[in-house]
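Trainee: For reference, the structure I am asking about is given below.
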Amino acid sequence: MQLKIVSKEAFSYDLDEFKLYAKIDNNIEDALLNSFLNSAFELAETKTNRAYSKTTYEYYTSKQTDELPRAPFIDIVSVEKKSGDTYIAYSDYEIDTKDTLAKISFAEAGEYKVTFEAGYIDIPEKVKLWAYTQAATLYEYRTEFDNSNLQKIDNPFVDTLLDDYKVRSFV
């Protein structure tokens, strides 16, 4: 099982809304603020196994029934079955979306490449608040933090904002 990002849209947040939240009243460091916000949303994706912007993934599996490892599921782009050294289009499958992680079931055993889309159109408010808090903390302590040590921010109370969005995944 292997998961690759094929394409990813930008996160949908409002920089002016964040600046109001963080009490920042200038435009001098907008590029830095965008960097902090993007890093925070990427960290939220890692912590929850969800996509917070529309993302296209390639997922390789040899299970006859398997969970697609990112939520929320949007759509299947393509399904291909391995034949020799190449993959050919395959259409005999079913998608079950009633659980948090969508499940795909193939009619026959084999190795498959599933290209699918997952992500939110609008980021949930709790996730946005979590990311804004992380980015504001980075901004406030920017001389001590950079994007490479973003995970070192320890704020367990704020981290509870993500609890409702955590999805277990085995990829």
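The values are calculated or read from the model by the stated rules, or taken from the named source; none is laboratory data. All figures in this text were calculated on a predicted structure; none of them were measured in a lab. Because the Cβ atoms are built from the backbone with ideal geometry, glycine has one as well, and the counts that use them run over all protein chains shown. Protein only, heavy atoms only, side chains kept; ligands, DNA and RNA dropped before computing areas. Shrake-Rupley method; radii C 1.70, N 1.55, O 1.52, S 1.80 Å.
Yes or no, residue by residue, for (1) assigned to a loop (DSSP other than H, G, I, E, B); (2) within 17 Å of the chain's Cα centre (by Cα); (3) more than 30 Å from Glu80 (Cα to Cα):
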{"residue": "Glu17", "(1), (2), (3)": "no, no, yes"}
{"residue": "Lys23", "(1), (2), (3)": "yes, no, yes"}
{"residue": "Asn26", "(1), (2), (3)": "yes, no, yes"}
{"residue": "Leu33", "(1), (2), (3)": "no, no, yes"}
{"residue": "Asn38", "(1), (2), (3)": "no, yes, yes"}
{"residue": "Leu43", "(1), (2), (3)": "no, yes, yes"}
{"residue": "Thr46", "(1), (2), (3)": "no, yes, no"}
{"residue": "Tyr59", "(1), (2), (3)": "no, yes, no"}
{"residue": "Asp66", "(1), (2), (3)": "no, no, no"}
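Trainee: Of Asp75, Asp30, Asp16, which residue is open to solvent by 50 Å² or more (accessible area, probe 1.4 Å) and over 25 Å from Lys113 (Cβ atoms)? Outline the logic, then answer.
Mentor: Values: Asp75 fails: over 25 Å from Lys113 (Cβ atoms); Asp30 fails: open to solvent by 50 Å² or more (accessible area, probe 1.4 Å).
Testing whether each residue is open to solvent by 50 Å² or more (accessible area, probe 1.4 Å) and over 25 Å from Lys113 (Cβ atoms) leaves just Asp16.
Trainee: Follow-up. Mind telling me which of the residues Thr46, Thr56, Thr97 ends up being of a type outside the set (Gly, Ala, Ser), at pLDDT below 95 and out of contact with any Leu (no Cβ under 7 Å at 6 or more places or on another chain)? Reasoning before the result, please.
Mentor: On the way: Thr56 fails: at pLDDT below 95; Thr97 fails: at pLDDT below 95.
Unique residue meeting the criteria: Thr46.
Trainee: Restricting to the stretch 71-105, give me the number of residues that are closer than 22 Å to Tyr52 by Cα, of a type in the set (Gly, Ala, Ser) and outside any loop (DSSP other than H, G, I, E, B). Let's see the steps before the verdict.
Mentor: Residues of the stretch 71-105 closer than 22 Å to Tyr52 by Cα: 71-78, 95-104.
Filter once more, so that each one left must be of a type in the set (Gly, Ala, Ser): 71, 78, 102.
The next check asks that each one be outside any loop (DSSP other than H, G, I, E, B); those that pass are 71, 78.
Qualifying residue count for the region: 2.
Trainee: Among the numbered conditions (1) modelled with pLDDT of 95 or more; (2) open to solvent by 30 Å² or more (accessible area, probe 1.4 Å); (3) under 22 Å from the mean Cα position of the chain (by Cα), tell me where Asp146 comes up short.
Mentor: Unmet for Asp146, out of (1) modelled with pLDDT of 95 or more; (2) open to solvent by 30 Å² or more (accessible area, probe 1.4 Å); (3) under 22 Å from the mean Cα position of the chain (by Cα): (1).
Trainee: In the stretch 127-136, is there at least one residue being β-branched (Val, Ile, Thr), out of contact with any His (no Cβ under 8 Å at 6 or more places or on another chain), crowded, with 19+ Cβ neighbours inside 10 Å and modelled with pLDDT of 80 or more?
Mentor: The first filter runs over the stretch 127-136 and keeps only residues β-branched (Val, Ile, Thr), leaving 127, 133.
Going one step further and asking which of them are out of contact with any His (no Cβ under 8 Å at 6 or more places or on another chain), we end up with 127, 133.
After this cut, where a residue has to be crowded, with 19+ Cβ neighbours inside 10 Å as well, the list is 127, 133.
Subset that is modelled with pLDDT of 80 or more: 127, 133.
The answer is yes; a qualifying residue exists.
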